[in-house]
Amino acid sequence: MKISKSTLIIGTLCIIGVCFLANSVNSMLSIPDVKVSYSTNECIGVTNYAEGDAYTCSDLPPKYNHIWVK
């Protein structure tokens, strides 16, 4: 069975795309949640999802999901 050059290129691009998508989803799911009060606009708490993360309200991560709470 002979595989054409275009089929090989398309297959390689698909594999790279799937790997990029999986990495993006993994990164997105490990971003911490920062809960901020509606009334005071102050940090209430931080939920860390990635193992080894120890972010707090006084030490916020560079990227986080902003969640408004009462």
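Does Thr56 satisfy the condition of being on the phi < 0 side of the Ramachandran plot and surrounded by 10 or more Cβ atoms within 10 Å (Cβ to Cβ)? So Thr56 fits the description; yes. Just one of the listed residues (Lys63, Lys35) is basic (Lys, Arg) and either assigned to a strand (DSSP E or B) or without any contact (Cβ under 8 Å) to a residue 12 or more places away in the chain (or both), namely Lys35.
If you check Ile67 against the conditions, is it touching a strand residue (DSSP E or B) at 6+ places or on another chain (Cβ under 8 Å) and surrounded by 10 or more Cβ atoms within 10 Å (Cβ to Cβ)? Considered against the rule, which asks whether it is touching a strand residue (DSSP E or B) at 6+ places or on another chain (Cβ under 8 Å) and surrounded by 10 or more Cβ atoms within 10 Å (Cβ to Cβ), Ile67 comes out as yes. Looking only at the stretch 15-52, residues that are loosely packed, with under 10 Cβ neighbours inside 10 Å, more than 12 Å from the chain's Cα centre (by Cα) and closer than 26 Å to Lys70 by Cβ come to 5 in all. When the residues of the stretch 1-14 are filtered to those that are surrounded by 10 or more Cβ atoms within 10 Å (Cβ to Cβ) and not polar (S, T, N, Q), the one that is farthest from Val69 (Cα to Cα) is Leu8.
The numbers here are math on the coordinates, done by the rules we state, and not lab data. All figures in this text were calculated on a predicted structure; none of them were measured in a lab. Heads up, the Cβs are rebuilt from the backbone with ideal geometry, glycines too, and the neighbour counts pull from every protein chain shown.
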